[in-house]
Amino acid sequence: MLIGRGLSYRYSRRGPWVLRDHDVEVAAGRVLGLRGPSGCGKSTLAAVLAGLRSPAAGTVEVDGVPLGDGSPGSGPRPVQLVLQHPERAMNPRWKIRDVLAEAFAGSRDAARVAATERVESEWDAHHGLVSPEWLDRFPHEISGGELQRVNLARALFTSPAYLVADEISSSLDAITQTVLWHRLDHEAHERGLGVLAVSHDGPLLAQVADEVIEFQPARPRQGATHG
Amino acid sequence: MTTSPLRPVNPAPALLAVEHLAVSFTQYERGLRRRTVTPVTDISLDVRAGEVVALVGASGAGKSLLGHAVLGMLPPNATPAGSIRWRGEETDVQALRRLAGREVALLPQSLSHLDPTASVGAQLRRAARLTGASRAGARAVAREAVVAQGLDESVLKLYPHQLSGGMGRRVLTAIALLGNPSLVIADEPTPGLAPESVTAVLRRLRSIAEGGAGVLLITHEITGALAVADRVVVVDRGRTLEESPVEAFTADGERLAHPYSRALWQALPANGFRMADDHTRVGAGMRGEDLAC
C-alpha cells in the first residue's frame, strides 16, 4: 500500500492550506481514481505522494517504509509521477534514446543500451509504448501524444511499485488516451502496479479506475479533523 | 430559367476554402546540411457563414499550422502550397495578412497570448484602435466588449495573471470579436478548463456562428466539437481523412468513412474506450477482456 496520512501542505508560510489532514491509500494492483475540479489541490496531493513535495505535517509510507527524500544514490523512487505536459519533463536537447536511458542506472552507454533493448523487446513482445523508430529523434520531432508515451515508458522502466498519473491524457487525442490507459491497466492488473489516476474527467475515471474518490478541498480556518 | 434538382443549395462561395494545403519547413541540421520536412501534406476544408466547422485530430496532425497559414502567420522558413480562397477569391500571404485581425480573427489557445505587463483594459483599447476605433471610442468599445462577454467592467483594471482560466478565455474572445470578424479561428480553446467553463466557451462559439460569422474550431476533443459543430473535418499526420456531418458520429461510428475517425470515436471513454487495432495497440484488454499478448 501507498499510504498518505494526515497530509498538510501550503505553498507559503502564511498561505492558505491546500491540503489539511488528507488521508489517501493506494493499493498495489489497483487503479484508484482521484477526481476534482481544476485548482482544487489534487495535483498538490499527487506531488506529495510521489515525494516531490514534502508535507508540512503527515507521513507517506510505501509498503510500510517511509518515503525517502529521493536524494542521489538512493536509487529510483518507488513512486513515479507522470504529469500532463511531457515536453516539460524532458531535456529538449536529448534524443528520445537518452531521455529513456535516464531511467537506468550505470554508465551512460550502458543505460542507452538498456533503454534500447527494453524498447525493442517490449515492442516485439506486445507492442510497447515507444516505437523503436523514435529513439533517434528529438522530443520536438515527435507528436505530443507520442511524447507522452515516451514519458510514461520512462516512468515504467524504473519498475516502480506505485505510479501517480496526474492528468496524463487531458491534452491528448482519444486514441493516445486509450493507449496510455490500456497500458496502465495492464501494469496494474497483470503486474501489480498501484496506480493513482488524477483527473477532472469523470467518464475517463469511470472507465479506468477500480474505485473513484472525490478530492475534498482543505476547509479554510478550521481545526484538523479526519475524514 | 428552369430549376434543376442538381443546383447547389447554397450557391454563395464559402467564406474560406482551403484546397490541398501543404506546408513544408526547411531546417538546418549538423551545420549546413539542409533538409525539408512537410508536416502538412494535404488538408482541404471550407467554412461558410453561420456555421461551426470542427477540425479534429491528434497533436502534431497539422491543425494549428492550417490556422496559422490562413492567418498568414507561418514562420519565415515555411513554404505553403495549395490554395486558400477568401469569399471565392484566390489569396496570397499579403492578402491573408490584411484579412487577419479584421475579417479573420484568432481566438488563441492560452492566456500566454496576452501581454503580461499590460492591463486587460489597455490591451483591449489597443486592439480596438487597431481595428479603427478613435482614442476616445476605444475606451467605450473596450467596456462594451467585456460586458458583452458577461464580465464585469472591473476586469479592465486587472492584469492577465489575476484572471482565472475561464475569465481569461472571455477576455481573449472579447479581443477576437472587436473587429466584427466574418471568420473566427478558435485554436484549442478548451483544454485546462473546468467542465462548466468548457460548456460556456463552446456555447459562445455557437452564438458567434448564429450571429452570422463562420467559426473554425481547432481541437483534439471530439466530444466538445460534436456538441457545437455542424461538420467535422478529421485530419491525421497532415492529411484530411474525411469530412462528416455531426450526425455521422453515432452508435459504433459505422457511418464514418475512415478507419481512423472510427477509431477516434470508439476510443472515447463513453463509447467503449476501445483500442485501435493497429500498431498503436499495446496488447492488454480493458475491463475483463482477454489479453492479446
The farthest towards the positive end of the charge dipole of segment B:50-154, of the residues B:GLY150, B:ALA138, B:ALA100, given +1 on Cβ of Lys and Arg and -1 on Cβ of Asp and Glu, is B:ALA138
Chain A: spread of alpha-carbon positions along the three principal axes, whole Å, largest first, is 55, 40, 31
Counting C-alpha atoms alone, how compact is segment B:1-124: give Rg to one decimal and Dmax as a whole number, in angstrom. 18.2, 67
Only four residue types carry charge here, +1 at the Cβ of Lys and Arg and -1 at the Cβ of Asp and Glu. Report the dipole size of segment B:1-160 about the Cα centre in Debye, rounded to the nearest 20. 520
Counting only Cα, what are the radius of gyration and maximum Cα-Cα distance Dmax of the protein assembly as shown, in Å? 24.9, 88
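Across peptide B:182-192, what mean number of C-beta atoms from other chains lies inside 10 Å of a residue's C-beta?
Details: counts 0, 0, 0, 0, 0, 0, 1, 0, 0, 5, 6.
Partner-chain Cβ atoms within 10 Å, mean over residues of B:182-192: 1.
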Check B:VAL184: other-chain or 5+ apart residues with amide H under 5 Å from its amide H, H built from backbone geometry? B:ALA105, B:GLY214, B:VAL215, B:LEU216
Longest principal axis of chain B (C-alpha) makes with the long axis of helix B:120-130 (C-alpha) an angle, in degrees to the nearest 10, of 90
Taking the Cα atoms only, what angle lies between the long axis of helix A:144-157 and the longest principal axis of chain A, rounded to 10 degrees? 80
Once you have all Cα-Cα distances for segment B:62-203, histogram them in 5 Å bins from zero and send the whole-percent values. 2, 10, 18, 20, 19, 15, 10, 5, 1, 0
Would you mind putting B:127-134, B:30-37, B:142-149, B:218-225 in packing order, based on average other-beta-carbon counts within 10 Å, highest first? B:218-225, B:142-149, B:127-134, B:30-37
Rounded to 10°, Cα long-axis angle of helix B:135-148 versus longest principal axis of chain B: 40
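What dipole magnitude, in Debye to the nearest 20, does segment B:116-180 give about its Cα centre under +1 on Lys/Arg Cβ and -1 on Asp/Glu Cβ? Don't jump to the answer; show the numbers that get you there.
Working: 9 positive and 3 negative charges, 43 e Å.
It comes to approximately 200 debye.
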About the Cα centre, and with charges only on the beta carbon of Lys, Arg (+1) and Asp, Glu (-1), how big is the dipole of the protein assembly as shown? Nearest 20 debye, please. 2280
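Go ahead and estimate [θ] at 222 nm for chain B from helices alone: -39,500 (n - 2.57) per DSSP H run with n ≥ 4, summed, over the residue count, rounded to 500.
Working: 8 runs with 84 residues, N = 293.
Using -39500 (n - 2.57) per qualifying helix, the result is -8500 deg cm²/dmol.
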If you bin every alpha carbon distance in segment A:124-227 into 10 Å steps from zero, what whole percent lands in each bin? 12, 41, 29, 12, 5, 1
Shape box of segment A:68-142 [Cα atoms, principal axes, largest first, Å]: 36, 25, 23
Using eta = 1.306 mPa s and T = 10 °C, Stokes-Einstein with Kirkwood Rh from Cα pairs puts D for chain B, in µm² s⁻¹, at 76
Calculated [θ] (222 nm, deg cm²/dmol) that DSSP helices of n ≥ 4 give over chain A, each run adding -39,500 (n - 2.57): -10000 deg cm²/dmol
Counting only Cα, what are the radius of gyration and maximum Cα-Cα distance Dmax of segment B:156-262, in Å? 15.6, 52
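Just to check, using Stokes-Einstein with a Kirkwood Rh over alpha carbon pairs, what's the diffusion coefficient of segment B:116-180 at 10 °C and 1.306 mPa s in µm²/s?
On the way: Rh = 11.4 Å.
It diffuses with D of about 140 µm²/s by this estimate.
Considering every residue in B:269-275, what mean count of other chain Cβ atoms within 10 Å of its Cβ is obtained? Let's see the in-between values first.
On the way: counts 13, 4, 2, 2, 11, 3, 7.
That average works out to 6.
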How large is Rg/Rh for segment A:1-101, to two decimals, with Cα atoms and a Kirkwood Rh? 0.99
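Coordinate-derived values only; no laboratory data. Everything quoted here is computed from the prediction, not taken from an experiment. Positions of Cβ are backbone-derived with ideal geometry, glycine not excepted, and every protein chain shown enters the neighbour counts.
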